[in-house]
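This report refers to the structure that appears directly beneath it.
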Amino acid sequence: MPVCSSVVENAHPAQEPSRRAAAFFDLDKTVIAKSSALAFSRPFYRSGLINRRSVLKSAYAQFVFLLGGADHDQMEKMRDYLCGLVRGWNVQQVREIVGETLHDLIAPIVYDEAASLIEEHRRAGREVVIVSSSGSEVVEPIGELLGADRVIATRLVVENGHYTGDVDYYAYGETKAEAVRGLAASEGYDLAASYAYSDSVTDVPLLSAVGHPHAVNPDRGLRKEAASHGWPVLSFDRPVRLAGPGRRLPVRPSSPAGAAVALAGAAAAVGLTWWLLRRTRSDRA
């Protein structure tokens with residue numbers, strides 16, 4: 001649903017000339033309406049990187065994520081699953097697949113409200129930083145599409161051009177906040193004058209690191225934290241096709257908050273399950 005005007009004014013006041021600040025955005029369910037780590041499962045399948053069972057598991061995980069987000073245990077399970085899944089993958093092939101399918105998969109699911117905030121922060125002179133637990137090979141191209149100045153993302157270990165299945169740096173929880181503080185020190189950001197946006201209770205450390213934290217489409221845990229700290233709560237529910245930084249196509253008709261996303265996730269999961277089962281039975285016949 002649209003954000004009330006009082007919250008909008010709170011979300012992005014004019015930049016104070018003497019204070020260099022930044023706006024830090026979580027990615028999944030904050031800027032885009034899906035999990036970026038799972039969004040590319042179908043092109044990965046078509047390229048032979050994963051099998052039908054993996055596509056099905058990814059579709060189910062996406063559905064669960066859309067309905068209720070992911071707590072700490074679910075995030076750990078997702079990390080272990082994805083690390084095992086990508087073991088042995090060719091890094092260059094992954095980058096090419098992401099680059100070729102980015103506009104088809106990600107451009108249509110950027111929240112209009114998030115795109116507007118990003119534009120307004122940039123006009124106010126703040127740098128925009130995407131901070132995501134997803135892998136850098138996925139997050140960096142999305143950050144470029146969004147017109148972000150910088151990206152903080154998970155990095156996987158690579159040997160001889162292939163993923164080993166190990167994690168070099170995990171952008172998650174307190175580690176996100178540490179990365180933000182480190183970036184602020186190196187770039188001269190005033191964190192007290194900076195902003196942060198996230199949907200997940202696992203990002204409380206990130207939100208607590210800045211002077212202007214905002215809960216976006218919060219899960220149950222973050223909604224409680226926001227209420228106890230007096231943080232503004234924003235509802236984003238209008239995906240818009242992004243043609244590039246600062247370029248948007250007409251907004252799709254809006255729907256009740258969360259309902260459209262949940263129904264879309266359910267339809268995708270059910271439809272993909274039916275398709276996979278039908279293909280499997282056909283192959284066995």
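The values are calculated or read from the model by the stated rules, or taken from the named source; none is laboratory data. Because the structure is a prediction, the values reported are computed rather than measured. Cβ: placed from backbone, ideal geometry, glycine included. Neighbour counts: every protein chain shown.
Give me the pairs: first residue in segment 121-132 and over 12 Å from Phe25 (Cα atoms), second residue at pLDDT 95 or above and assigned to a loop (DSSP other than H, G, I, E, B), beta-carbon distance under 6 Å, and six or more apart or on different chains, which are they?
Arg126/Ala21
Could you say which residue among Gln62, Gln74 is assigned to a helix (DSSP H, G or I), modelled with pLDDT under 70 and crowded, with 16+ Cβ neighbours inside 10 Å?
Gln62
Quick one: would you say His121 is closer than 21 Å to Arg238 by Cβ and not in a helix (DSSP H, G or I)?
So His121 fails the test.
What's the total number of residues in segment 135-162 that are surrounded by fewer than 21 Cβ atoms within 10 Å (Cβ to Cβ), in a strand (DSSP E or B) and not charged (D, E, K, R)?
Result for segment 135-162: 4.
Determine which single condition Val201 fails, assuming it passes every other condition in (1) within 30 Å of Gln93 (Cα to Cα); (2) at pLDDT below 95.
That leaves (1) as the condition not met.
Among the residues of segment 77-96 satisfying the criterion of being surrounded by 18 or more Cβ atoms within 10 Å (Cβ to Cβ) and assigned to a helix (DSSP H, G or I), which is modelled with the lowest pLDDT?
If we take residues in segment 77-96 being surrounded by 18 or more Cβ atoms within 10 Å (Cβ to Cβ) and assigned to a helix (DSSP H, G or I), then Met78 is modelled with the lowest pLDDT.
Any residue that is under 14 Å from the mean Cα position of the chain (by Cα) and closer than 28 Å to Asp237 by Cα - is there at least one of those in segment 205-212?
no
Please work out which one of (1) at pLDDT below 90; (2) closer than 20 Å to Tyr197 by Cα; (3) in a helix (DSSP H, G or I) is the condition Ala115 fails and give its number.
(1)
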